[in-house]
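Encoded as C-alpha cells, the structure appears first; notes follow it.
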Amino acid sequence: MGWLAAGDRYEVALVEGRVVARATSATRDGHERTLPAEIRDRPEVVELQRFAEWLDRHAAECAAQVTAWMVSSLPVPAGLLAQVWPDEAWRAALRDIVVVGEGPDETGFLRDADGTGGLRVVNLDGETVRLTSPTVTMPHPVLLPDLEELRTFAAEAGVVQGVAQIHRATWVKPAGTDGGADSVSEFAGAEYRSWFHLSARATSLGYRISGSAVVDRVRDDGRTVTARVGMSDPYTEEKAWTGRLSWHHGDDRGRLPLSEVGPVAWSEGMRMAAALHAGRTVPTDDAR
C-alpha cells in the first residue's frame, strides 16, 4: 500500500500493520515516525486505522476457520483453497498446513493452490508434488500416523505453520481405560482467586462457559461431542476450582463412557483441562 497525503505536511501508510507518518519534505529519505498529534484525527488517518483493525480481524477469522477445519478433520474442496489462496491472510493461515488427499501417498505441507484446483505440497521426501484430489483434509495431529516424522522434517526444513497443527498439544487415551468410568480427574482441583478469574481464563483460551462448566464442542468421526470441565459454584465459594473432565453426547447431553470417547475428543478435552490447570493460582510456597 502506498502513502496517502494527510494534510500539507505529512503522508501516512500502513507498515507492518501499523499506521505511520512521514513528513512530505523527507519523502525521498523515507524517514518514518509515529503519528504526530496534529494529524491523528484526520479522516485519512482514522480510515487507515479502521482498515488496519479490519485486517487484524480478517486474519484472526481466517486462522480460526483453518483451525476449525483442522480440529474437525473436515474435507475441504481443493477449489475453495485455490480461491482464497491469493488473499494474504488466508495464505498465512494455510501455508504449510499438512493436507491429506484421497491417495495413500497424498500427504504433505501445503505450499501453493492454483486456479485449476490443484494443490502443491512438499512431502516427507522433500519433493514438491501435485495433489489432484477434489477434496483434502487437514487432519488433527492425533490422527496423523507420521506425526513424529512430520515434526522432524519441519524442524530440519524450518517449516513454521501459521495455524499450529503438528505442534498442537495432543493426548492419547491410555490403553485399557476403564470402560465403566465417565470422567477424568487428572487436572481437577486447579484453584483460582475467583470464579471471574477462572471464567476469564477459559474465554481467553477460546472456550465457552455453560452453567457451571467450561465447555468445548468437538467434531470427532462425524459426531459432535462436548468436552466439559466442571467449575465450583460462584455463589457459595469465594475462590474457584476446576472439577473433573467429562465428555457428553452432542450439545452437553448425557455423559459418554470413556471407552466411547474418540481420539480427537479425548485429546481436545484433555488439552482444555490442562490449559485451565496451567492458569491456576500458584501458592507462594509452591512458586519458589
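Listing for the model above:
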item: Probe 1.4 Å - accessible area at residue 112, Å² to nearest ten; result: 40 Å²
item: Exposure ranking of 197, 58, 167 by accessible area [1.4 Å probe, largest first]; result: 167, 197, 58
item: Tensor-based shape of region 107-200 (alpha-carbon gyration tensor, a/c under 1.5 rounded, otherwise prolate or oblate); result: prolate
item: Global form of region 1-156, assessed from the alpha-carbon gyration tensor, a/c cut-off 1.5; result: prolate
item: Probe 1.4 Å, accessible area per residue of region 112-204, Å²; result: 53 Å²
item: Helix 43-72 axis, angle to the chain major axis (alpha carbon atoms, nearest 10°); result: 30 degrees
item: Whole-angstrom gap from region 209-223 to region 1-21, using each part's C-alpha centre; result: 45 Å
item: Surface accessible to a 1.4 Å probe, per residue, for the residues of region 1-110, Å²; result: 57 Å²
item: Trypsin sites (Lys or Arg not before Pro) lying in DSSP loop within region 1-109, provided at most 11 other Cβ fall within 10 Å; result: 28
item: Folded to 0 to 90 degrees: helix 195-204 orientation relative to the chain principal axis, Cα; result: 60 degrees
item: Solvent-accessible ranking of 153, 51, largest area first, probe 1.4 Å; result: 51, 153
item: Accessible carbon and sulfur surface of region 120-260 relative to its total accessible area, %, 1.4 Å; result: 49 percent
item: Answer label, with semi-axes √(5λ) of the Cα gyration tensor in Å calculated from the coordinates and candidates (i) 32, 23, 18; (ii) 40, 31, 16; (iii) 37, 21, 16; result: (ii)
item: Accessible surface, 1.4 Å probe, highest first, among residues 149, 16, 88; result: 16, 88, 149
item: Estimated translational D of region 157-288 in µm²/s (Stokes, Kirkwood radius over Cα pairs; 4 °C; 1.567 mPa s); result: 83 µm²/s
item: Value of [θ]222 nm, deg cm²/dmol, for the chain, DSSP H segments ≥ 4, -39500 (n - 2.57) each, nearest 500; result: -9000 deg cm²/dmol
item: Amide H partners (placed H, <5 Å) of residue 244, local residues excluded; result: 230
item: Euclidean distance of C-alpha centroids, region 64-97 and region 254-275, integer Å; result: 25 Å
item: Residue 195 accessible area, 1.4 Å probe, all protein chains in place, Å² to nearest 10; result: 80 Å²
item: Accessible area of residue 152 in the full protein assembly, 1.4 Å probe (Å², nearest 10); result: 70 Å²
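The values are calculated or read from the model by the stated rules, or taken from the named source; none is laboratory data. Please read all numbers here as calculations on a predicted model, not as lab measurements. Because the Cβ atoms are built from the backbone with ideal geometry, glycine has one as well, and the counts that use them run over all protein chains shown. Heavy atoms of the whole protein, side chains included, go into the accessibility calculation; ligands, DNA and RNA do not. Shrake-Rupley method; radii C 1.70, N 1.55, O 1.52, S 1.80 Å.
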